[in-house]
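Below: one structure, written as structure tokens.
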Amino acid sequence: MKWLRDQALAHIVDKVEAGERLSFDEGMRLYHTRDLNALMRLANMTKKRLHGDKVFFVHSMRLEFTNICYVGCTFCAFAAHKGEERAWDYSPGEVVEQVRRRYLPGITELHMSSGHHPNHKWDYYPEMVRGLRDAFPDVQVKAFTAAEIEHFAKISKKSTLEVLRELQAAGLAALPGGGAEIFADRVRRQVAKNKVKADKWLQIHREAHSLGLRTNATMLYGHIETLEERLDHMHRLRDLQEETGGFHAFIPLAFQPMGNSLAQNLGKTDFTTGLDDLRNLAVARIYLDNFPHIKGYWVMIGSEVTQVSLDWGVSDIDGTIQEEHIAHAAGATSPMALSQAGMVKMIQHAGRVPVLRDAYYNELEVFGRGGFGRAGSGAEAAD
Ligand code: V47
């Protein structure tokens, strides 16, 4: 292979070409290689085998129904205490009103996750989902992280399985992947010591999959975790996916360093670098061979790196979003929203085929390749 400079990857190239699963040590070799061209090619090869040139996105809306939270994760700049001026807390009726106010025709996914509110009773949550389903029957509600599901189980004195079942009956379509952070105990104790434990997070996703609810998985990186701890996180997800097949997407979340005590205590003011983001996405694509999608999350890595990531294994770039507060509270410099036309252009100019999906990954519209190769052009070009 002319293009391979790091001969330590030769065996990995053979395995990826044959569609074989990598061991932990091989995954670590990918994290350490300086042969970025080879890493990119391997990720691209894996992505192409699954999706060809298609890249998925969703016309979506984000809503955080409260920022009041008692948990105290050290990376979080979003949470507020009750009574603070910047705190907000919508009733189920206000949630419906907020969605109505921001709704744009064609939106299919509503992504909601929020703080662990100290006072809301359990009924508040299924009532909110039912209200949304009745008011917007065409919108699929992807809501509540496994951390929130555990919180609901505590306040309702129900099992997490029962909580999931009742939310599903109320109209919940899928679970987002938040609350995973880093599974390794050493890190979890320092960044999210009062939140759902790693095994419980995995168990809740296992239960959701058993009910037919599809879910996502995230990983918060770029703070105090080691590369081994990142790969260990992926390894645990790969094992669960092997068991259930219920994950849609893996989403690395780049640490945003403003306004949170973790960054302050580390004296950290810098963001992850573009190459760290790309390497991480590529390793994820190659290592998580049983995950349908690796998502490039433009809110946290920016539109430019997200566009480049389409050559590094990414097959999904989330959605139009409308308004986002978790990353922006922590210093994200990305815009609050992208237009559908902007997302199509981003994908087309990377030489890929944009596919508008819904929350279940049904393909709603497949676009042409557009003006790839013609600078500044959005016009149709021959393939
Ligand atoms: O769980 C909080 C993270 C998550 C910071 O499932 C931070 O499609 C970086 O889960 N820097 C919520 N990250 C967002 C989330 C998500 C995002 C996009 C898509 C999906 C999906 C899910 O945000 C939290 C936490 O891990 N987070 N603070 C921060 N300072």
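We did not get these values from a lab; they are worked out from the coordinates using the rules stated. Since the model is a prediction, treat every value here as computed from it, not as a measurement. Cβ sites come from the backbone with ideal geometry, for glycine too, and all protein chains shown count toward neighbours.
Tabulated data
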{"quantity": "Spatial separation of Cα centroids for segment 113-129 and segment 183-255, in angstrom", "calculated": "23"}
{"quantity": "Angle in degrees between helix 227-244 and the longest Cα principal axis of the chain, rounded to the nearest 10", "calculated": "70"}
{"quantity": "Inter-site label distance for D239 and M1 at 7 Å from Cα along Cβ, in nm", "calculated": "2.8"}
{"quantity": "Estimated FRET transfer efficiency (S159, R189; beta-carbon r; R0 35 Å; 0.05)", "calculated": "0.85"}
{"quantity": "Label-point separation in nm, E228 to M336, each point 7 Å along Cα→Cβ", "calculated": "4.4"}
{"quantity": "Y70-K197 FRET efficiency (beta carbon distance; Förster radius 25 Å; 0.05 resolution)", "calculated": "0.90"}
{"quantity": "Listed peptides 189-200, 244-255 by packing density, highest first (mean Cβ within 10 Å)", "calculated": "244-255, 189-200"}
{"quantity": "Reachable lysines from K197, criterion Cα separation under 28 angstrom, eight or more residues apart if same chain", "calculated": "K82, K121, K142, K154, K157, K158, K268, K295"}
{"quantity": "Gaussian network model of the chain, Cα within-10 Å springs - most flexible of T160, T46, T269", "calculated": "T269"}
{"quantity": "Helix axis angle, 36-51 relative to the chain longest principal axis, alpha carbon, degrees", "calculated": "70"}
{"quantity": "Estimated FRET transfer efficiency (N265, K82; beta-carbon r; R0 25 Å; 0.05)", "calculated": "0.50"}
{"quantity": "In Hz, Karplus ³J(HN,Hα) per residue of segment 109-125 (6.51, -1.76, 1.60; θ = phi - 60°; x = Gly, Pro)", "calculated": "10, 10, 9, 10, 8, 8, x, 8, 6, x, 10, 4, 7, 3, 4, 3, 6"}
{"quantity": "Near-label residues of segment 28-48 by backbone N, under 13 Å of a point 7 Å along Cα→Cβ of A8", "calculated": "28-36"}
{"quantity": "Nearby aspartates and glutamates by direct alpha-carbon distance to K2 (threshold 13 angstrom, same-chain neighbours under 8 apart not counted)", "calculated": "D35"}
{"quantity": "Among V95, V366, V141: highest mean-square fluctuation, GNM of the chain, C-alpha pairs under 10 Å", "calculated": "V366"}
{"quantity": "Potential extension, N37-E20 segment - 0.36 nm per residue separation minus Cα distance", "calculated": "4.1 nm"}
{"quantity": "Ellipticity estimate at 222 nm from DSSP helix runs (n ≥ 4, -39,500 (n - 2.57)) divided over the chain, nearest 500", "calculated": "-12500 deg cm²/dmol"}
{"quantity": "Nearest-ten-degree value, helix 274-287 long axis tilted from longest Cα axis of the chain", "calculated": "90"}
